[in-house]
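Inspection log for the structure reproduced underneath, given as structure tokens.
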Amino acid sequence: MQVNAIGNVSVNKTNTNIAKSKGFSRMDISFSGNVRSKDVTSKLSKENSNLVFTANDKTAKVSINGKNIDRKNILVTGASGYIGSHTAKYLLENGYDIVTIDNYTLGNKDANKELKKIAKENGAKFKSYSVDIADSKGVGKIFKDNKIDAVVHFAAYSQVGESVKDPYKYYLNNTAKTTMLLDEMRKANVNKIVFSSTAATYGDPDANEIPIKESTPQKPINPYGKSKLMIENIMDDADKAYGLKSIRLRYFNVAGSATDGRLGEEHNPETHLIPNILYAAKAQAKGEGGKPFKMFGTDYPTPDGTCVRDYIHVEDLARAHGLALQKLMNGGETGFYNLGSGSGYSVKEVYETAKDVTGVDIPLVIEDKRAGDPPTLIASNEKAKEELGWEPQKSLEDMISSAWNWIKNDKWKKH
Ligand code: UFG
């Protein structure tokens, strides 16, 4: 992780302690007062006009002297959703101020409340607006009233099956509304965006294309994937025409909850594998019968007959957004990156791991295949490692145990 320090930098006692707890040595953080390029240790480098403090993908909190601190103010759309809220939390804990937009169709007001608290604890500025991204007047005013440095755009629908049944919903909500948001950004001269794209833009790649590289042809097989690919294409045109710099993050299978238990995954209805296994575990542990985990298909052309996916912890994903923002802030060009662990687990393997982690003998029924599930999707994450300096740190067990912690506690009472 990089922390940008522009101008005068000091490291106060509190921040020094936090930095130490994150694994920085005294040497790394013993500077204070004005930092000029000639003063810096090898841990600090100069990029464009910014001093960049880098240390083994770990973050230190640095405070910047005076009122005119160059903290970045990031507009986060869909900040009350699953990935949006975890990323907003990460940004607030890592030196950013944020402005959030959510229309609360799918977002959770409890997540927004928690983010507000997290902002306060971290001395970060936090403003939230209950606005739809297609409300041009409202969004235009938000850009006018707040100095926004960059946008991180999550707000979207993301259910493959629903997109097949109701494609207009996806093309309108995901593609058309994002174009409206981009137009407001252009009017406000905000030209940096990190965008939630998806592995679904690759469709069902040939076996010789696994692991999937960013150069693998994008051939989505459902309206959800197409709606996101169209935005990627629009962003390329916008770069040429208006100088929009975008980083598109193509997520593989995101799972897990905040390690500190403050945020979690709350979809209604829930369609994802790990939470569904855990809801079955919870019902079993409570002695409720008739709620088994449904395994969709066991005769796929994979080693154990069930689909193989690349699971990535939501906190690893959140950190990647921070790195992508940093890259754009440092004058980085438009780019796109796969975010996955680089290894695959079958549905059966995930189910067995969940039994081990929870200690519950989770009841199982085998169902028919779900329409449109490709047998194997595994990411090559080399490009993100090389160009963003990103490395996933959490295991499948971490994803399942943090999700189990969340689901067991049922903080927000949705199910
Ligand atoms: N599965 C089950 N039972 C369930 C839920 C899922 O057996 O109750 C199986 C699915 O059939 C699939 C695997 O578990 O084989 C993973 O399914 P998920 O629904 O958890 O995830 P998907 O791979 O279908 O989709 C996810 C995101 C999409 C994104 C895609 C990209 O939900 O938005 O990853 O790889 F497009």
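General observations
- Heavy atoms of the protein chains alone define the surface here; on that basis segment 212-299 has 42 Å² accessible area per residue at 1.4 Å probe size.
- If you wrap segment 298-393 in the convex hull of its Cα atoms and look at it from every side, the mean projected area works out to 7.8 nm².
- Where labels lie 7 Å past Cα in the beta-carbon direction, separation of K355 and D204 in nm: 2.9
- Potential lengthening between K137 and N189 on full extension [0.36 nm per residue; Cα-Cα distance subtracted]: 17.1 nm
- With 32 Å as the limit on Cα-Cα distance, the pairs of K113/K369; K169/K385; K177/K383; K89/K165; K245/K408; K120/K240 that go past it are K113/K369; K169/K385; K89/K165; K245/K408; K120/K240.
- 15 Å cut-off, amide nitrogen to a point 7 angstrom out along Y279 Cα→Cβ, residues in segment 72-94: none
- Spin-label pair K286/S395, simplified geometry with 7 Å Cα→Cβ offset, distance in nm: 3.0
- Sites K120 and D239 - FRET efficiency at Förster radius 30 Å, r taken between beta-carbons, to 0.05: 0.25
- Each Lys and Arg adds +1 at its Cβ and each Asp and Glu adds -1 at its Cβ; summed about the Cα centre, segment 182-261 shows a dipole of about 220 debye.
- Pairs exceeding 18 Å between alpha-carbon atoms, taken from K127/K228; K291/K355; K117/K192: K127/K228; K117/K192.
- Residues whose amide H comes within less than 5 Å of that of V99, counting only those at least five positions distant or on another chain, are I74, L75, V76, K127 (H built at 1.01 Å from N in the peptide plane).
- Heavy-atom accessible area ranking, 1.4 Å probe, most first, across D316, D149, D166: D166, D149, D316
- Taking the accessible area of segment 315-359, probe 1.4 Å, and keeping the other protein chains in place, the carbon and sulfur fraction comes to 43%.
- Near T198, the amide H atoms lying under 5 Å from its own belong to Y251; only residues 5 or more places off or on other chains count, and H is placed 1.01 Å from N.
- Spin-label proximity, V365 to segment 158-177 - amide N less than 19 Å from point 7 Å beyond Cα toward beta carbon: none
The values are calculated or read from the model by the stated rules, or taken from the named source; none is laboratory data. All values reported here derive from a predicted model rather than from experimental measurement. Neighbour counts are summed over all protein chains in view; Cβ atoms, including those assigned to glycine, are modelled from backbone coordinates with ideal geometry. We work out accessible area using only protein heavy atoms, side chains counted, and drop any ligands, DNA or RNA first. Shrake-Rupley method; radii C 1.70, N 1.55, O 1.52, S 1.80 Å.
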